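Student: Take a look at the following structure, please.
The values are calculated or read from the model by the stated rules, or taken from the named source; none is laboratory data. What you see is a predicted model; the values in this text were computed from it and never measured. Using ideal geometry, Cβ is built from the backbone for each residue, glycine included, and neighbour counts are taken over all protein chains shown. Surface accessibility is based on the protein's heavy atoms, side chains included, excluding ligands, DNA and RNA. Shrake-Rupley method; radii C 1.70, N 1.55, O 1.52, S 1.80 Å.
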Amino acid sequence: MPRFGAGGISSGLNHKPVMNGVQRWENGALKNGMMSEEKVHNGGLYKRPFNEAFEETPMLVAVLTYMGYGILTLFGYLRDFLRTWKIEKCHIATERVEQKDFVPLYQDFENFYTRNLYMRIRDNWNRPVCSVPGERIDVMERFTDDYNWTFKFTGRVIKGVINMGSYNYLGFAQNTGFCADASAKSLNQYGAGMCSTRQEIGNMEKHEELEHLVARFLGVEAAMTYGMGFATNSMNIPALVGKGCLILSDELNHSSLVLGARLSGATIRIFKHNNMQSLEKLLRDAIVQGQPRTHRPWKKILIVVEGIYSMEGSIVRLPEVIALKKKYKAYLYLDEAHSIGALGPNGRGVVDYFGLDPRDVDIMMGTFTKSFGSAGGYIGGSKVLIEYLRAHSHSAAYATSMSLPVVQQIISSMKCIMGEDGTTLGQKRVEQLAENTRYFRRRLTEMGFIIYGNSDSPVVPLMLYMPAKIGAFGREMLKRNIGVVVVGFPATPIIESRARFCVSAAHTKEMLDAALREINEVGDLLQLKYSRHHFVPLLDRPFDETTYEETED
């Protein structure tokens, strides 16, 4: 077998990037890296309408949001100054006495931001759940008497909270039913832990069965599974690229992809989110200019994208990305953590959603933590790629094998989706998720909220903007027995704080209607209905040609 590595020929991939002789792409009209709306909807690269638009932030809202952060920051520094001079008597926003002798965990501004801004709304996160994370959950009530530094339980449990925050897209997060029964049987037969790596004596027949099943599910030659989704990205990207290679990464890629890219030692350049004009410009410049200073051709060019972006709810423009990848002879790494199981007529992810050939994606990555109600991740592709990763991936060499009850949960749920359990339950769940997603998004838009993302994405960001409304929205929704996730800076841009809903096939229409009624009420209470129904297609947003290089050769 040929030798592959970060400095080798192709790291288990099929072709090398070239400097010259690039052929024109003629399968559909590509103009400045963007498909015109007519081409998108009239054949071309897309076999179905692609409805994805982002409403602009109202100017007044943006100004008030900046002012809100400015006022909070100003008063924070003022009160810190007054505490120094013993004028301010309230010492709630200071580090605990017990922390004084320890090395600071944060830099100066991080410390300031944590004490004066984050601590005000910290009660919205890490809420303890004491039930199965299904369509409804039980939440342990807690309170604080020291400004959210610590929490104490009241002893009361909030029952039957509608769960609009978990990634339980197909409703497989259950403690009853055929998946749970099969996992329990596996636990009795094999135990909970493997206590060894796959390369030593932790390779079981169930692991082999799972990998063959994943390969068939994806429509690829081979697959490899890992015990942790985050590590699937962060530990395998360094095995595929290294010094002398170029990574082109979407600006909104998950932190596991960002970490993997940084650990690889490759040069990293960022393109604007889902903007094919930006991506093509970087590809063209990489081909023409080569590596910095030496201008030698890049050893490899790897495009890194996600299927569904978990903070925006947007879907990758995969047909265009594949067309550009072929045109410039680059490689494509697709992270389907949120899209596998949740998109496509057969639940097989964004490739299935667009009706594309899986062989056009060099590295198909995904996780089992969402649609399959389990844990771990996978990489699918050619046999050469998978054999290379078995030998060189840190996750393969040093990580303990996946627990077999976890493996059995994946096998059972995946066979259900594929219809190999002898029922149509999996197909019905895929269809129900698509129906719930469209209904939930449409109703929120009709109510006047600003909603981001694709109309088919089960990740639904509702824009809050102002810092004070982050905590208020989360608290008010919990009062009404609705569990939501709220997100703010630095996880999002400073003026784009949001609530993120995750729709599930397990949600009934009655549950969704109940949640929508409460969201509508809280939206009126907090004045969150900012929409003017003036949508801006993503590719029509201003294009900033600035790129960022993380590593110089």
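Student: Kindly provide the set of residues from the stretch 126-148 that are in a loop (DSSP other than H, G, I, E, B) and in contact (Cβ under 8 Å) with a residue 40 or more places away in the chain, ordered by number.
Tutor: ARG127, VAL132, PRO133, GLY134, GLU135, ASP146, TYR147
Student: Which members of the stretch 73-92 meet the condition of being part of a loop (DSSP other than H, G, I, E, B) and under 20 Å from ASN148 (Cα atoms)?
Tutor: The answer is GLU88, LYS89, CYS90, HIS91, ILE92.
Student: What's the total number of residues in the stretch 150-187 that are in contact with a strand residue (DSSP E or B) (Cβ under 9 Å, 6 or more places away or on another chain), farther than 30 Å from GLY313 by Cβ and not hydroxyl-bearing (Ser, Thr, Tyr)?
Tutor: Residues flagged as in contact with a strand residue (DSSP E or B) (Cβ under 9 Å, 6 or more places away or on another chain), farther than 30 Å from GLY313 by Cβ and not hydroxyl-bearing (Ser, Thr, Tyr) within the stretch 150-187 amount to 6.
Student: While we're looking at this one, here's another question. Among residues belonging to the stretch 438-452 that are in a helix (DSSP H, G or I) and open to solvent by less than 10 Å² (accessible area, probe 1.4 Å), point out the one that is farthest from ALA499 (Cα to Cα).
Tutor: Looking at residues that are in a helix (DSSP H, G or I) and open to solvent by less than 10 Å² (accessible area, probe 1.4 Å), I get PHE440.
Student: Let me ask another. What are the residues in the stretch 133-179 that are modelled with pLDDT under 95 and among the aliphatic types (A, V, I, L, M), if any?
Tutor: Passing the criteria: only ALA173.
Student: On the basis of being out of contact with any Asp or Glu (no Cβ under 9 Å at 6 or more places or on another chain), open to solvent by less than 10 Å² (accessible area, probe 1.4 Å) and within 26 Å of TYR190 (Cα to Cα), does ILE410 make the cut?
Tutor: So ILE410 passes the test.
Student: Enumerate the strands (runs of 3 or more DSSP E) found wholly within the stretch 454-507, keeping only those where 3 or more residues are touching a Phe, Trp or Tyr at 6+ places or on another chain (Cβ under 7 Å).
Tutor: Once the strands (runs of 3 or more DSSP E) in the stretch 454-507 are filtered for at least 3 residues that are touching a Phe, Trp or Tyr at 6+ places or on another chain (Cβ under 7 Å), what remains is 459-465, 497-502.
Student: Let me ask something else about it. Quick one: would you say ASN236 is in contact with a strand residue (DSSP E or B) (Cβ under 9 Å, 6 or more places away or on another chain), in a loop (DSSP other than H, G, I, E, B) and among the polar types (S, T, N, Q)?
Tutor: no
Student: Still on this structure, I have one more. So, in the stretch 93-113, how many residues would count as being at pLDDT below 80 and either surrounded by 12 or more Cβ atoms within 10 Å (Cβ to Cβ) or assigned to a helix (DSSP H, G or I) (or both)?
Tutor: Residues that pass the stated criteria total 11.
Student: Also: Going through the stretch 366-387 one residue at a time, which ones are outside any loop (DSSP other than H, G, I, E, B) and either within 22 Å of SER339 (Cβ to Cβ) or open to solvent by less than 10 Å² (accessible area, probe 1.4 Å) (or both)?
Tutor: GLY366, THR367, GLY377, TYR378, ILE379, GLY380, GLY381, LEU385, ILE386, listed by residue number.
Student: Further, regarding this structure: Could you identify the single residue in LEU45, LEU72, LEU64 that is touching a Gly at 6+ places or on another chain (Cβ under 7 Å), surrounded by 11 or more Cβ atoms within 10 Å (Cβ to Cβ), modelled with pLDDT of 75 or more and not assigned by TED's automatic domain parsing to the domain that holds ALA391?
Tutor: Residue meeting the stated conditions: LEU45.
Student: Just to be sure I understand, how many residues within the stretch 149-192 are aromatic (Phe, Trp, Tyr) and in a strand (DSSP E or B)?
Tutor: The total comes to 1.
Student: Quick check on this structure: which one of GLU435, GLU476 is over 22 Å from GLU55 (Cβ atoms) and open to solvent by less than 40 Å² (accessible area, probe 1.4 Å)?
Tutor: Checking each option against the conditions leaves just GLU476.
Student: Run down SER393, SER455 and say which single residue is at pLDDT below 95 and open to solvent by 20 Å² or more (accessible area, probe 1.4 Å).
Tutor: SER455
Student: Across the stretch 198-212, what is the total count of residues that are within 28 Å of the chain's Cα centre (by Cα), in a loop (DSSP other than H, G, I, E, B) and at pLDDT 90 or above?
Tutor: Qualifying residue count, the stretch 198-212: 0.
Student: Identify all residues within the stretch 421-431 that are modelled with pLDDT of 95 or more, more than 24 Å from the chain's Cα centre (by Cα) and surrounded by 14 or more Cβ atoms within 10 Å (Cβ to Cβ); write none if there are none.
Tutor: LEU425
Student: Another question, if that's okay. Looking at the stretch 233-261, I want the residues that are of a type in the set (Val, Ile, Thr) and have a partner that is in a loop (DSSP other than H, G, I, E, B) and open to solvent by 10 Å² or more (accessible area, probe 1.4 Å) with Cβ atoms under 7 Å, at least 6 apart or on another chain. Which pairs are those?
Tutor: VAL241/ALA6
Student: Hey, another quick one. Read through the list (1) touching a residue at least 60 places away in the same chain (Cβ under 8 Å); (2) in contact with a helix residue (DSSP H, G or I) (Cβ under 8 Å, 6 or more places away or on another chain); (3) not aliphatic (A, V, I, L, M), then give the number of the only condition that LYS469 fails.
Tutor: The one condition LYS469 does not meet is (1).
Student: Could we say that GLU135 is open to solvent by 60 Å² or more (accessible area, probe 1.4 Å) and not assigned by TED's automatic domain parsing to the domain that holds SER457 here?
Tutor: No.
Student: A further question follows. Would you confirm whether or not the stretch 213-229 contains a residue that is part of a helix (DSSP H, G or I), more than 23 Å from GLY44 (Cβ to Cβ), modelled with pLDDT under 95 and within 23 Å of the chain's Cα centre (by Cα)?
Tutor: Yes, that holds for at least one residue.
Student: Can I ask one more? Here are some residues: CYS195, CYS245. Which one is open to solvent by less than 10 Å² (accessible area, probe 1.4 Å) and more than 22 Å from the chain's Cα centre (by Cα)?
Tutor: After ruling out the rest, the residue left standing is CYS245.
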